[in-house]
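Below: one structure, written as structure tokens.
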Amino acid sequence: MPWEQSSHHERSVSTLKSTGQIIEMASQLEPGGHFQTGQVMLKIDPDDYQLAVDQKQAELDQVQADYRIEEGQQAIAKQEFELLGQDVSETDRDLILRKPQLQTMAAKLKIAQAQLQQAKLDLKRTTIHAPFDALVLERNVNVGSHITTASAISQLVGIDSYWVQVSVPADQLKWITVPNTTGQTGSSVRIYNEAAWGKKIFRTGHVIRLSGTLEEAGRMAQLIVAVNDPLALKPGNSNLPSLIIDSYVRVEIQGKQLHDVFQVERTALQHDDTLHLFVDGQLDIRQVDILHRGPKHVIIHDGLVANELLITSDLSAPVANMPLRTEASSQLAKTGQVNEPQTAKPTKASEQ
């Protein structure tokens, strides 16, 4: 099933969770550059963030010391209370043993620990890593730029796979396998771009989902086709062409297999969906059940029998049961044998 479609992928705008001045930038952070997951894209000045870590570490050290002092105070209070041997209420006992004071110090300790962790995280975020294997589409900053959490530093696109959005007639969906369960594989697809790659060169993909709505203009169904390693970066794909985002491509979708059907040239089909057959020296005008109509062939499910003779030449005034003879020299009726029922792939003969 050939169609003209566009290739694309979801795009990601890269932003920061810290602010500061850019002091270092990777050479490939420019349109067309590639990053692997985790590679350093850029760094911002870490000095202020390192000072914040040092400050929070000192505050934590102070709180830890205060906590240990309070533990000592509580131990002394417990000894004194036991020596007195007084009978007091539970509330007074907790106050005498300084339990609220220790709980307060424990809470301060947790706060100080959390603040130190946050400061270290902010420091770590001054080095920006690629979030996934990516192609750089845009760069919006330079070394020396002062950026904030609202700054868009670049636009990236994932390169593990691209999507090709395919518009197909809704009545063609019955021939296409669309995954509806986990682990199910969709119909195989060939992607062509003759203008960029030349003829007979293609990439392969597979249908991954069906959009839930019809295209407004042509009321066409929308299929999503995934193409893995679209830039052919893996060693095994180095001889393949690269897909270009937003380019228009031609696709051929491998449809479902049909069994016990006949594939007949479309030129042999009459306007009223009949075929001319040579049976016992006479013309048999046969009504047939057509499953699929393609540009060059039709797929017939019912109405033919194996080894019947199909008339492929034009008859000037065909009448049922009119006598016929086959004679190669006079070309009165060219015939072609209908083969045994075959397994046909209607996608090879589908509407464009």
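Read-outs throughout are calculated quantities, based only on the coordinates presented, and are distinct from any laboratory measurement. Because the structure is predicted, anything quoted here is derived from the model rather than measured. Note: ideal-geometry Cβ built from the backbone for every residue, glycine included; neighbour counts use all protein chains shown.
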Checklist entry - Where the Cα atoms of region 42-178 are projected onto their three principal axes, how long is each span, largest first, in whole Å? => result 92, 51, 21
Checklist entry - Farthest toward the dipole's positive end in the chain, which of Gly303, Val178, Leu277, given Cβ charges of +1 (Lys, Arg) and -1 (Asp, Glu) about the Cα centre? => result Leu277
Checklist entry - Taking the chain as a Gaussian network, where each spring joins two C-alpha atoms under 10 Å apart, which residue of Ile23, Ile176, Ile159 fluctuates the most? => result Ile23
Checklist outcome for this item: For the chain the mean separation of alpha carbon contacts under 8 Å (6+ apart) over residue count, i.e. relative contact order in percent, is 20 percent
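In square nanometres, what is the average projected area of the Cα convex hull of region 161-253?
On the way: hull surface 27.2 nm².
So the mean shadow area of the Cα hull is 6.8 nm².
Using the Kirkwood formula over every pair of different C-alpha atoms, what hydrodynamic radius in Å results for the chain? Walk me through the numbers before you get to the answer.
On the way: mean 1/r = 0.0360 Å⁻¹.
After inverting the mean inverse Cα-Cα distance, the result is 27.8 Å.
Under 14 Å from the Cβ of Leu29, count the other residues' Cβ atoms, weight Lys and Arg +1, Asp and Glu -1, and hand me the total. Intermediate results must be reported in sequence, preceding the final value.
On the way: positive: Lys43, Arg139; negative: Glu24, Glu30, Glu138.
Counting the neighbours of Leu29, the net charge comes to -1.
What is the diffusion coefficient of region 47-124 in µm²/s, taking the Kirkwood radius over Cα pairs and the Stokes-Einstein relation at 25 °C with a viscosity of 0.890 mPa s? Could you put the intermediate results ahead of the total?
Numbers: Rh = 14.3 Å.
Rounded, D is 172 µm²/s.
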Next on the checklist: Here is the link list: Lys43/Lys124; Lys43/Lys110; Lys43/Lys234; Lys78/Lys108; Lys17/Lys43; Lys56/Lys120. Which ones come out longer than 20 Å on Cα distance?
Outcome noted: Lys43/Lys110; Lys43/Lys234; Lys78/Lys108
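Where in the chain lies the longest segment free of GluC sites (Glu not before Pro) that are both loop residues by DSSP (not H, G, I, E, B) and have at most 13 other Cβ atoms within 10 Å?
Working: sites that count: Glu10, Glu216, Glu327.
My reading of the result: 11-215 is the longest stretch.
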Item to check | Within a Gaussian network of the chain (alpha carbon springs, distance under 10 Å), most fluctuating of Thr37, Thr104, Thr149 | outcome: Thr104
